[in-house]
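Asks: Quick one: the structure is below, questions incoming.
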Amino acid sequence: MSNLEDYKGVWVFIEQKEGKIAHVSLELLGAGRKLADKRGVPLAGILIGHQVKPLADEVFAYGADIVYLYDAPIFRHYRTETFMRAVIHCVETYKPEIFLYGATSTGKDLASAVATDLATGLTADTTMLDVDADTGLLEASRPAFGGNIMATILCKKDRPQMATVRPKVMKALEPQKGRTGTLIEETLSLGEEDIRTKVLEIVRDTEKKVRIDEADIIVAGGKGLGSKEGFQLIHQFAEVLGASVGASRDAVEAGWIDHHHQVGQTGVTVTPKIYFAIGISGAIQHIVGMHNSGLIIAINKDPNAAIFQSCHYGIVGDAFEIVPMLIEGFREALGKAEEVQYGGKV
Amino acid sequence: MLHIVACIKQVPDTKIIKMNPKTNTMDRASAPAILNPYDAHAVEEAVRLKQRYGGTVSVVTMGPPPAVKAIKKCIEIGADEGYLITDRAFAGADTLATSYSLTKALEKIGKILPIDLIICGKMTIDGDTGQVGPGIARRLDIPPLTSVKKVVEVNKEKGYAIVHRKLEDGYEVIQSTLPCLFSVEKEINEVPYSPLPNVIRAARYQPHIWSVDDLEGVDRTLLGLKGSPTIVAKVWPPEKPKGGEMLTGTPQEQASRILSLLLERKELFRDKEVTG
Ligand SMILES: Cc1cc2nc3c(=O)[nH]c(=O)nc-3n(C[C@H](O)[C@H](O)[C@H](O)COP(=O)(O)OP(=O)(O)OC[C@H]3O[C@@H](n4cnc5c(N)ncnc54)[C@H](O)[C@@H]3O)c2cc1C
Ligand SMILES: Nc1ncnc2c1ncn2[C@@H]1O[C@H](COP(=O)(O)O)[C@@H](O)[C@H]1O
């Protein structure tokens, strides 16, 4: 049990890789800013790595008042053992009341180890955050039981209150260039001989990266496409639109497309400007991953499909009839628009 | 000879489960209890490593008495021994209290036969946190290797393991000393149908069942609800976006309507090269 009075301030773990801050960390600075303002406490980022000091400016620009920096060769690659020690050292020294991490593989790995060591509460995969201005109690809400319910989790007696937060659900602030804050550089006496793990190699995917979480337009297909061949229709439509391809879990499990494309609770959360759900029934686990999209258009042959409860426009029909019409129509319309544009230029 | 212990949990099948709309609680009777699907991959990987290097595979679970069934499922997959820790004192545990109880069980199992490697699933489909595995590793002070999608080597003689850890954009090859803990991804293996002899053995198998009193050096304040820093304050049904407009007319007319919606957002397509 912690002496609650001793803990002040909201922290965000700044995840970075090769000198680039993960977008989720910027989103958490946005969310953390709101919590900190409501409480009237500072917002801090904790930045760990090798030669990452220049990133501090970006952390300030996105809303932090303080950056705690651990910069040393031993932190070159993320390792639970080294990062955990830095974070624990920092928490024990400066005592935050709230501490947020991205729910990425790194963020979850780190937060789990830290929470166990500090014997404090950690809420996983949070999608909503709020704080009680007076008591400082963090209300972290998340989907539970396979997305069947939402639950609000509290950590009343221990500090810091920790949560991992899903990427793409919080909003980053507009960066303010030139905004500054306090940079606190810390060191840790930690030698390679104290560490039991070694990163031997990092292999990046060479094939074109699928980052559907960053796409403006997503065409997603489900089990309704019937087969791997049928699923080609989704690829074709996506290609003419310049869209990314998404999929339901059942389409992924059928082996029609790689897991990286899966949208939903156990896949990626997406917020494109346009989302097509084609041959997808609209299970809650899928909906939670896409319902914040700007415009959701569903095509399904079953008029009672749940997806129609969760879309802006719905078409009851056969994907194999409607989608080819859309492909043709779009090609034509865009072709014409370009002609007019070029014609007008001369 | 390796001793590998897989941590497994019996869970309600959340895919079929029904919720009680009045209380927002699970109607447990509506869903069959199954071996957490991710944990089946943990057991399978342990069994494959046993086949490769020789040794023993044990499984451990914390849960109510019917969890014996999940242990039997693991015996079918090829585990040798199963341990169930069950006690009212464990009830209501969050991830911190769960990792504590399991650590106590693992310490006791380690006294029977020293443990080289612990394997957990990526997550449970009911708890859905992925926090218990790394929590156990921290408590035992052994390295946690999460997101493991391939085991390259486990070398007991030289005391190390090498695995591939899945990253958002690739993977890393990481080496750790033994003992250590893996949390494995689903893609690490496929769980085949169980061979008949295993099924027969599972039917007869009686797991070791321990209560709190059977464990050593337990601080009871760290168990169950009491030992859980987090509480569930409120549950509610997830909000779904309101149903929108259903288009009418011939398929051609409906398609035209969608096209005009797209073309209203022309700026999204500006950089696109048009083919055809
Ligand atoms: C813990 C847990 C996590 C999960 N995580 C995810 C997740 O992250 N993402 C996810 O998507 N799911 C997830 N699921 C699975 C989810 O519950 C559903 O099973 C899944 O989304 C269904 O996929 P589907 O809509 O493609 O398939 P189905 O439910 O089989 O739906 C296919 C639809 O296609 C329609 N159809 C058939 N033929 C045509 C045609 N010719 N033209 C038009 N429509 C047609 C049918 O009417 C039907 O509605 C999860 C489940 C659990 C329990
Ligand atoms: N009650 C339990 N008994 C045994 N192992 C568990 C239990 N709960 C979780 N685990 C292990 O920890 C992993 C992660 O679980 P969770 O943190 O609940 O998502 C699971 O895949 C199991 O390997």
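The values are calculated or read from the model by the stated rules, or taken from the named source; none is laboratory data. Worth saying up front: this structure is predicted, and the values here are computed from it rather than measured. Here the Cβ positions follow ideal geometry from the backbone for every residue, glycine too, while neighbour counts run over all protein chains shown. The protein model used for the area step is the full one, side chains on, heavy atoms only, and it has no ligands, DNA or RNA in it. Shrake-Rupley method; radii C 1.70, N 1.55, O 1.52, S 1.80 Å.
Condition check ((1) within 21 Å of residue A:24 (Cβ to Cβ); (2) in a strand (DSSP E or B)) across all residues:
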site	(1), (2)
A:133	no, no
A:159	no, no
A:163	yes, yes
A:167	yes, no
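Asks: Consider segment B:128-154. How many of its residues are away from ligand 2 (no atom under 14 Å from the Cβ), outside any loop (DSSP other than H, G, I, E, B) and open to solvent by less than 50 Å² (accessible area, probe 1.4 Å)?
Replies: 2
Condition check ((1) open to solvent by less than 30 Å² (accessible area, probe 1.4 Å); (2) away from ligand 2 (no atom under 16 Å from the Cβ); (3) within 20 Å of residue A:212 (Cα to Cα)) across all residues:
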site: A:254; (1), (2), (3): no, yes, yes
site: A:267; (1), (2), (3): yes, yes, yes
site: A:272; (1), (2), (3): yes, yes, yes
site: A:289; (1), (2), (3): yes, yes, yes
site: A:295; (1), (2), (3): yes, yes, yes
site: A:304; (1), (2), (3): no, yes, no
site: A:318; (1), (2), (3): no, yes, no
site: A:321; (1), (2), (3): no, yes, no
site: A:325; (1), (2), (3): no, yes, no
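Asks: Could you please find all residues in segment B:198-216 being under 30 Å from residue B:144 (Cβ atoms), open to solvent by 90 Å² or more (accessible area, probe 1.4 Å) and assigned to a loop (DSSP other than H, G, I, E, B)?
Replies: Hit for segment B:198-216 is B:216, nothing else.
Asks: Can I ask one more? Out of all the residues in segment A:103-123, is one or more at negative phi, part of a strand (DSSP E or B) and facing another protein chain (nearest Cβ under 9 Å)?
Replies: yes
Asks: Can I ask one more? Looking only at segment B:176-193, which residues are out of contact with any Ser or Thr (no Cβ under 7 Å at 6 or more places or on another chain) and within 8 Å of chain A (Cβ to nearest Cβ)?
Replies: Passing the criteria: B:177, B:180, B:187.
Asks: Now, a different point. So, in segment B:217-245, of the ones that are assigned to a loop (DSSP other than H, G, I, E, B) and among the acidic types (Asp, Glu), which residue ends up modelled with the highest pLDDT? Working first, answer last.
Replies: From segment B:217-245, those assigned to a loop (DSSP other than H, G, I, E, B) are B:217-219, B:223-229, B:237-244; that's our starting set.
When the remaining residues are screened for being among the acidic types (Asp, Glu), the result is B:219, B:239.
Details: B:219: 98, B:239: 68.
Per the criteria, the residue is B:219.
Asks: If you don't mind, there's one more thing I want to ask. Does at least one position in segment B:65-88 carry a residue that is open to solvent by less than 10 Å² (accessible area, probe 1.4 Å), without any contact (Cβ under 8 Å) to a residue 60 or more places away in the chain and away from ligand 1 (no atom under 16 Å from the Cβ)?
Replies: yes
Asks: Looking at (1) within 24 Å of residue B:212 (Cα to Cα); (2) out of contact with any helix residue (DSSP H, G or I) (no Cβ under 7 Å at 6 or more places or on another chain); (3) not aliphatic (A, V, I, L, M), which one does residue B:53 not meet, given that it meets all the others?
Replies: (1)
Asks: Another question, then. Please count how many residues of segment B:110-127 are away from chain A (no Cβ under 14 Å), within 16 Å of ligand 2 (Cβ to nearest atom) and surrounded by fewer than 21 Cβ atoms within 10 Å (Cβ to Cβ).
Replies: So the answer is 1.
Asks: Looking at residue A:285, is it of a type outside the set (Lys, Arg), closer than 24 Å to residue A:142 by Cα, without any contact (Cβ under 8 Å) to a residue 60 or more places away in the chain and surrounded by fewer than 22 Cβ atoms within 10 Å (Cβ to Cβ)? Before the answer, list the steps.
Replies: Values: of a type outside the set (Lys, Arg): yes; closer than 24 Å to residue A:142 by Cα: yes; without any contact (Cβ under 8 Å) to a residue 60 or more places away in the chain: no; surrounded by fewer than 22 Cβ atoms within 10 Å (Cβ to Cβ): yes.
No: the conditions fail for residue A:285.
Asks: In addition: Out of A:144, A:140, A:119, A:124, which single residue is at pLDDT below 95 and aliphatic (A, V, I, L, M)?
Replies: Details: A:140 fails: at pLDDT below 95; A:119 fails: at pLDDT below 95; A:124 fails: at pLDDT below 95.
Going through A:144, A:140, A:119, A:124 in turn, just one is at pLDDT below 95 and aliphatic (A, V, I, L, M): A:144.
Asks: When residues of segment B:10-40 are filtered for being near ligand 2 (Cβ under 10 Å from one of its atoms), within 14 Å of chain A (Cβ to nearest Cβ) and not in a strand (DSSP E or B), how many remain?
Replies: Residues in segment B:10-40 being near ligand 2 (Cβ under 10 Å from one of its atoms), within 14 Å of chain A (Cβ to nearest Cβ) and not in a strand (DSSP E or B): 3 in total.
Asks: Something else about it: Only one of (1) touching a Ser or Thr at 6+ places or on another chain (Cβ under 9 Å); (2) surrounded by fewer than 16 Cβ atoms within 10 Å (Cβ to Cβ); (3) hydrophobic (A, V, I, L, M, F, W, C) is not met by residue B:42, so which one is it?
Replies: Against the list (1) touching a Ser or Thr at 6+ places or on another chain (Cβ under 9 Å); (2) surrounded by fewer than 16 Cβ atoms within 10 Å (Cβ to Cβ); (3) hydrophobic (A, V, I, L, M, F, W, C), residue B:42 comes up short only on (2).
Asks: Please specify each residue of segment A:160-194 satisfying the condition of being crowded, with 19+ Cβ neighbours inside 10 Å, at pLDDT 95 or above and under 18 Å from the mean Cα position of the chain (by Cα).
Replies: Residues satisfying the conditions are A:162, A:163, A:164, A:165.
Asks: Could you list, in sequence order, the residues of segment A:278-306 that are more than 6 Å from ligand 1 (Cβ to nearest atom) and under 17 Å from residue B:258 (Cα atoms)?
Replies: Initial filter on segment A:278-306 (more than 6 Å from ligand 1 (Cβ to nearest atom)): A:278, A:282, A:284, A:287-288, A:290-298, A:303-304, A:306.
Residues satisfying the conditions are A:278, A:293, A:294, A:295, A:296, A:297, A:298.
Asks: How many residues does segment B:172-197 hold that are outside any loop (DSSP other than H, G, I, E, B), open to solvent by 50 Å² or more (accessible area, probe 1.4 Å) and in contact (Cβ under 8 Å) with a residue 60 or more places away in the chain?
Replies: Qualifying residue count, segment B:172-197: 1.
Asks: Being open to solvent by 50 Å² or more (accessible area, probe 1.4 Å), modelled with pLDDT of 95 or more and over 29 Å from residue B:267 (Cβ atoms), is that true of even one residue in segment A:235-245?
Replies: no
Asks: Out of segment A:249-276, which residues are in contact (Cβ under 8 Å) with a residue 24 or more places away in the chain and among the acidic types (Asp, Glu)?
Replies: A:250, A:258
Asks: Same structure, new question: If we keep just the residues of segment A:288-323 that are at the interface with another protein chain (Cβ under 9 Å from one of its Cβ atoms) and in a helix (DSSP H, G or I), which is modelled with the lowest pLDDT?
Replies: Only one residue fits best here, namely A:309.
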